[in-house]
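Peer 1: Please read through the structure below; I'll follow up with questions.
Read the figures in this text as sums done on the coordinates, not as results from a lab. Keep in mind it's a predicted model, so treat the numbers as computed, not measured. Positions of Cβ are backbone-derived with ideal geometry, glycine not excepted, and every protein chain shown enters the neighbour counts.
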Amino acid sequence: MRVLDRDYRSIFLADDGRSVVVIDQTQLPFEFALRELRAVDDAADAIRRMVVRGAPLIGVTAAYGVALAMHADASDDALRRAIELLGATRPTAVNLRWALARMESLLRDSPRAQRADRAYAEAARIAEEDVAACAAIGRHGLALLRDLAAARTGRPVRVLTHCNAGWLACVDWGTALAPVYAAHESGIALHVWVDETRPRNQGAALTAFELGAHGVPHTVIVDNAGGHLMQRGEVDVCIVGSDRTTAAGDVANKIGTYPKALAARDCDVPFYAALPSSTIDWSIIDGVREVPIEERAAREVTHVAGRTDDGRLHEVQVTAPGSAVANPAFDVTPARLFTGIITERGVAEASRAGLATMFPEHVGMRTVGSAG
């Protein structure tokens, strides 16, 4: 996607063909900075500290982390350590374990001398598959937005999204924002309502940054304004991403997604999740009971970072000193609240039968990603 008059992906190889370059999302929106990952520990740190974030990008970064490990030491012990180290970084996004299982399956029976090259090639395949899946999600979502535009002649289609599920969360295009970009590039008039997404403000910082860089009209709103806008008829459709979706269509996404779905149902606003099949955990059914919810550091809630009027980056405390803090990073929206799930194969009904029809090869299979 377009940033500073250049086309970027969120992750790519450095000129040496071995080191991995990522966009440091902790510096956005005030500084566009690239960070080089030279070892598996760098990749694990980038995932853990949310230098990279978003389920698809986490999976690709983990795959390249394994490749970095194999470049340094292609032994069985090094492979096992890399899988364990990367797998422990974040618990909710299923793409992480999906990518690691794929890398491990390929490498464990590979000759040691070939492991590094095979690891880099497989990580690159995972990245390219993500780009293709997100582009397909964009095409299928475009059809939905085109229908909305046809029914709303004379004004933009107003889309509400939550957190960041754009190209910064993937390798390119994004999931929830892929239909937005596809519609924008096809000439459909759009306006995106961007939830700020406390506590880390991924909407205000990341979604607003990338929409602005790509020229898509948007407005940042506080998290609690979405229901108000829906009541007033100012939202035509909601599209969110997913960190893990169950085989029955329950969706774990950034905290605050569930209340938006409830408001959308009450206001008769279509509510979609957009996700690649790599985000579906075919081993679990009940998202509320079975998806592990990451509890993150209290400081993300007690403090907020920003830029002062004189251009300095500064962090301040916003909570009463001594108050206890809870910081669940995700919530689960039941399948019944979704109008549909936009995948690389089309728009599926948010149900076990709907997903099974779209992806019949997974019916009856137990795959990686179990919360157990």
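Peer 1: Mind telling me which of Leu275, Leu229, Leu355 comes out most flexible in a GNM of the chain, alpha-carbon contacts under 10 Å?
Peer 2: Answer for the Gaussian network model of the chain: Leu229.
Peer 1: So, one more: Give a quick list of trypsin sites (Lys or Arg not before Pro) in segment 9-94 that DSSP marks as loop, anything other than H, G, I, E or B, with at most 15 other Cβ atoms within 10 Å. If you can, show how the numbers build up before the last one.
Peer 2: On the way: sites: Arg9, Arg18, Arg35, Arg38, Arg48, Arg49, Arg53, Arg80, Arg81; in loops: Arg9, Arg18, Arg38, Arg49, Arg53.
Within segment 9-94, the qualifying trypsin sites (Lys or Arg not before Pro) (loop, at most 15 other Cβ atoms within 10 Å) are Arg18, Arg38, Arg49.
Peer 1: Given a 10 angstrom Cα cut-off, can you work out which residue in His362, His184, His314 is the most mobile in a GNM of the chain?
Peer 2: His314
Peer 1: Using Cα centres only, tell me the gap between segment 224-258 and segment 95-148 in whole Å.
Peer 2: 26 Å
Peer 1: So which DSSP H runs in the chain come out at 18 Å plus along the axis (Cα) with average Kyte-Doolittle of at least -0.5? Kindly include the intermediate steps, with their values, before the conclusion.
Peer 2: On the way: long enough: 55-72 (26 Å, 1.42); 94-107 (20 Å, 0.51); 115-151 (54 Å, 0.20).
The answer, listed by residue number, is 55-72, 94-107, 115-151.
Peer 1: Put +1 on the Cβ of each Lys and Arg and -1 on the Cβ of each Asp and Glu in the chain; which of Pro29, Thr279, Leu68 then has its Cα farthest toward the positive end of the dipole?
Peer 2: Thr279
Peer 1: What relative contact order, as a whole-number percentage, does segment 244-289 give when Cα pairs under 8 Å and 6 or more residues apart are counted? Before the final figure, lay out each step's value.
Peer 2: On the way: 39 pairs, mean separation 29.4, N = 46.
In percent, rounded to a whole number, it is 64.
Peer 1: If you place +1 on the Cβ of every Lys and Arg and -1 on the Cβ of every Asp and Glu, how big does the dipole about the Cα centre of the chain come out, in debye to the nearest 20? Kindly include the intermediate steps, with their values, before the conclusion.
Peer 2: On the way: 40 positive and 47 negative charges, 84 e Å.
Here the chain has a charge dipole of around 400 debye.
Peer 1: Moving on to the next point. Specify the residue with the greatest mean-square fluctuation among Leu313, Leu85, Leu37, computed from a Gaussian network of the chain linking alpha-carbon atoms under 10 Å apart.
Peer 2: Highest fluctuation among the options: Leu313.
Peer 1: Where nothing but the Cβ of Lys and Arg (+1) and of Asp and Glu (-1) is charged, how large is the charge dipole of segment 110-164 around its Cα centre, in debye to the nearest 20?
Peer 2: On the way: 9 positive and 6 negative charges, 46 e Å.
With only Lys, Arg, Asp and Glu charged at Cβ, the dipole is about 220 debye.
Peer 1: Please give me the summed charge of the neighbours of Thr92: other residues whose Cβ is under 12 Å from its Cβ, Lys and Arg +1, Asp and Glu -1.
Peer 2: 0
Peer 1: Could you size up the charge dipole of segment 242-372 around its Cα centre, putting +1 on the beta carbon of Lys and Arg and -1 on that of Asp and Glu, and report it in debye to the nearest 20? Before the final figure, lay out the partial values.
Peer 2: Numbers: 13 positive and 17 negative charges, 18 e Å.
Roughly 80 debye, rounded to the nearest 20.
Peer 1: Also, quick follow-up: Using θ = phi - 60° and the Karplus relation 6.51 cos²θ - 1.76 cosθ + 1.60, list the HN-Hα couplings for segment 342-348 in order, rounded to whole Hz, with x at every Gly or Pro.
Peer 2: 8, 10, 5, 9, x, 8, 9
Peer 1: Considering only His314, Ala55, Ala143, whose Cα is most displaced toward the positive end of the charge dipole of the chain, charges sitting on Cβ of Lys, Arg (+1) and Asp, Glu (-1)?
Peer 2: Of His314, Ala55, Ala143, it is Ala143.
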